[in-house]
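First comes the structure, then the notes that go with it.
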Amino acid sequence: DNGKMYGWGNNGSAQIGSRSTGVTIMLEATVITEHCERESVQVSDFTCLGDTTVVYFTNNTVYAVGSNGNGVMGIGHNISNVGMELTACTSVNDKLEEGYAVNQFCARGDAILYQLRSKEDDRLTWWGLGANRHNRSLGTSKAAPITTLHHMELLQQLVDGFSDPTDYVVGSGPSHYSISAILDRGGRKLWFSGYGHHIHWSDHASFTMK
């Protein structure tokens, strides 16, 4: 009710945003509260990796606090320690300045999948950041971490085959390394995985869309 965010548990990378580290019962995410007050914005959405919290604000900007391991902040490098303050996710924000908005996003393991909506044509596009090893979960043959926003062309090819962009729902993958997208609320329960740098999809997913 007071518009503040709180967190608890392992805070070893300062991912709670409290300018402290270590295990805690509950702490206020003070760096997020201060940003909201300073910029006169509110938190629109957020997602959490193990050592990182990524926040989408109502002024259409994305910031992160905690670890930048595997380049999940999208700032052009994968140096983990970036301090205890909010860091602007520059490669994401650059895309938002071009006229996109975050429709939804999710974290899994050590990567993030973004679904961006164009304000001009209402089209959804798919982007990824972070770890890309072993199964090439971000849809590129490059095994190194993806440290700037990467267009997931393989996934884009699949979703472009659907007529209604509101049918697409982001979900996280079944393993530590994969990122998947659940598609089609209509009941077909299709899903994408970047495993092996190919599109894999099935109508036998082990979950039911609400």
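The values are calculated or read from the model by the stated rules, or taken from the named source; none is laboratory data. For clarity, every value in this text was computed on a predicted model and none was experimentally measured. Here Cβ is always computed from backbone atoms with ideal geometry, including for glycine, and neighbour counts include all displayed protein chains. With ligands, DNA and RNA removed, areas are computed over all heavy atoms of the protein, side chains included. Shrake-Rupley method; radii C 1.70, N 1.55, O 1.52, S 1.80 Å.
Can you tell me how many residues within the range 21-36 are open to solvent by less than 40 Å² (accessible area, probe 1.4 Å), in a loop (DSSP other than H, G, I, E, B) and farther than 19 Å from Ala88 by Cβ?
The number of residues fulfilling the criteria is 1.
Give the residues of the range 108-128 that are open to solvent by less than 20 Å² (accessible area, probe 1.4 Å) and among the hydrophobic types (A, V, I, L, M, F, W, C), sorted by residue number.
Of everything in the range 108-128, those that are open to solvent by less than 20 Å² (accessible area, probe 1.4 Å) and among the hydrophobic types (A, V, I, L, M, F, W, C) turn out to be Ala111, Ile112, Leu113, Leu116, Leu124, Trp126.
In the range 9-20, what residues are at pLDDT 90 or above and either part of a strand (DSSP E or B) or on the phi > 0 side of the Ramachandran plot (or both)?
Residues satisfying the conditions are Ala14, Gly17.
Does the range 37-48 contain at least one residue that is in contact with a Gly (Cβ under 8 Å, 6 or more places away or on another chain) and crowded, with 19+ Cβ neighbours inside 10 Å?
There is no residue in the range 37-48 that is in contact with a Gly (Cβ under 8 Å, 6 or more places away or on another chain) and crowded, with 19+ Cβ neighbours inside 10 Å.
Hey, among the residues in the range 1-15 that are of a type outside the set (S, T, N, Q) and in contact with a helix residue (DSSP H, G or I) (Cβ under 9 Å, 6 or more places away or on another chain), which one's most open to solvent (accessible area, probe 1.4 Å)? Break it down stepwise before answering.
So in the range 1-15, the residues of a type outside the set (S, T, N, Q) come out as 1, 3-9, 12, 14.
Checking which are in contact with a helix residue (DSSP H, G or I) (Cβ under 9 Å, 6 or more places away or on another chain) leaves us with 3-5, 14.
On the way: Gly3: 69, Lys4: 87, Met5: 36, Ala14: 2 Å².
In this case the residue turns out to be Lys4.
For the range 57-81, which residues satisfy the criterion of being assigned to a loop (DSSP other than H, G, I, E, B) and crowded, with 20+ Cβ neighbours inside 10 Å? Full working, then the answer.
Initial filter on the range 57-81 (assigned to a loop (DSSP other than H, G, I, E, B)): 58-60, 68, 72-80.
Across the range 57-81, the qualifying residues are Asn68, Val72, Met73, Gly74, Ile75.
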